[in-house]
1. Considering (1) closer than 23 Å to residue 90 by Cα; (2) crowded, with 17+ Cβ neighbours inside 10 Å, say which one residue 21 fails and leave the rest.
2. Hey, can you tell me all the residues within the range 190-204 that are crowded, with 21+ Cβ neighbours inside 10 Å and touching a helix residue (DSSP H, G or I) at 6+ places or on another chain (Cβ under 7 Å)?
3. With the requirement that a residue be more than 24 Å from the chain's Cα centre (by Cα), in contact (Cβ under 8 Å) with a residue 24 or more places away in the chain and part of a loop (DSSP other than H, G, I, E, B), what does the range 258-306 give you?
4. Would you be able to tell me the number of residues in the range 313-330 that are at pLDDT 90 or above and part of a helix (DSSP H, G or I)?
5. Could you please find all residues in the range 309-330 being over 32 Å from the mean Cα position of the chain (by Cα) and closer than 20 Å to residue 285 by Cβ?
6. Scan 170, 148 and give me the residue that is crowded, with 19+ Cβ neighbours inside 10 Å and part of a strand (DSSP E or B).
7. Could you check, for the range 205-224, whether at least one of its residues is more than 24 Å from residue 171 (Cα to Cα) and over 26 Å from the mean Cα position of the chain (by Cα)?
8. Can you run down the residue pairs with Cβ atoms below 6 Å, 6 or more apart or on separate chains, where the first is in the range 83-108 and in the same structural domain as residue 159 (by TED's automatic domain parsing) and over 17 Å from residue 160 (Cβ atoms) and the partner is surrounded by 24 or more Cβ atoms within 10 Å (Cβ to Cβ) and modelled with pLDDT of 95 or more?
C-alpha cells in the first residue's frame, strides 16, 4: 500500500458556531444581527421550537429567508441538504458565503428523543407494561437510542461539511450536580448545554451568552483567537461584540480561502459474511465482484471460510472468484470483444451479416438475430473459433507458391 500524505494548509475552515445560554440571552438576536452584514450572502433560517424568526426580521437591515417545514426530522434534514447544495454552488462561483441558522438544536434533540420514546412504546415489553399501568415508565432500549444518535450524526455531518457559515443555537443552564450515589450534591451545580451530548464538541466555536454577564467564548478550534484548547480560560467578549467580528476578525475566516472541514469518518471493516452476502446478490456485477475480491484481500479474508449458496464451507476468495467468473460469463459481450470479432470476420473473409449470424449460432449452439445478443462467454467461443480459422487460412512459412 502506498502511503498518501500532504502538508497542512493552515487555512481557516468554514465556522460552525454554537451559541448557547439561558432564556432571553440574545442567541437568536445575534444570528439575526449577522444577516445585516454586507460580508455574507444569503442567510437561511430554520426555526425549530423557538418562534422568533419572524419578529427578528424587524431588526434594521435584517435580511434572511425562513425555511418552512413540517417539524419532522425528515423535513429538517431535507432542507439542510438543499441549503448545503445551494451553499456549495455559491462557494464554487466565488460568491459571498451562504449562512445557515438553526434555532434551536435543543429542539432538534428533543425531537429525536421523542421519536425514540414513541418507537419504544411499540415494543412488546413496553406494550405489556402500559397495558398493566398506563402511567408506567417507558424503557427506551439501546437500539432506539442508537438510531436517534445515528440520525443526529447524519445531520451534523452535513453541518460540519457545510460550504459556508453555520450558526446553531441551544439552551444552556445550571443544573444540580449529581454525586456518585445518584443524588444531588447540596450547594453545588454544574452547567449543561441542552442538546445532544456531542453538540459542543462538533462545533468549531462555542459561545455562551447570559443575561447577567458578558458573553464568553468557551472554546474555539482556532490558532488566531488566543484560546489554546485545554490550557486557556474562556475569553470574555466586549459589550459590542458581534458574530461578524467573531467570524471575520477573531477567527479570521477568509471566504476566498475558507474550505469545508476535511472529515474522514471511521469506517468499520465489513465482515466476511457481509462481503459474501453482497457477492451472492443477483445484481452484483463481475466488476463489483472483483472489487469485493480486492476488499477481502485487503482485510486478510482470503483464507477465511464462509458458507456458500449451497450451505457448504468454501474459502471466501474462491467463492468470489467462482461467482465472479460465472457473472462475467453471463454478462453481455464487451465492446472490445465485438471489435475483436469484427476484425476476425474480415480476416476469414465473411462479410455477409446473415452468414455471420448462422455461423455464430452453430458455434454457440443457439440461434441469434443480432450479435448484441451474445454473452461474454459466447463471445469468447466465437473469437476462439474464428481465430483458429484465421490461422489455418494463413500461408505456411516456406510453403510453395
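1. Of the numbered conditions (1) closer than 23 Å to residue 90 by Cα; (2) crowded, with 17+ Cβ neighbours inside 10 Å, the odd one out for residue 21 is (1).
2. Those that are crowded, with 21+ Cβ neighbours inside 10 Å and touching a helix residue (DSSP H, G or I) at 6+ places or on another chain (Cβ under 7 Å): 193, 195, 196, 199.
3. 280, 285, 301, 304
4. 9
5. 309, 318, 322, 325, 326, 329, 330, listed by residue number.
6. That would be 170, the only listed residue that is crowded, with 19+ Cβ neighbours inside 10 Å and part of a strand (DSSP E or B).
7. Checking the range 205-224: at least one residue is more than 24 Å from residue 171 (Cα to Cα) and over 26 Å from the mean Cα position of the chain (by Cα).
8. Sorted first by the residue in the range 83-108, then by its partner, the pairs are 90/98; 103/169; 104/169; 104/170; 106/170.
The values are calculated or read from the model by the stated rules, or taken from the named source; none is laboratory data. These figures come from a predicted structure and were not determined experimentally. As a convention, Cβ positions derive from the backbone with ideal geometry for all residues, glycine included, and neighbour counts pool all protein chains shown.
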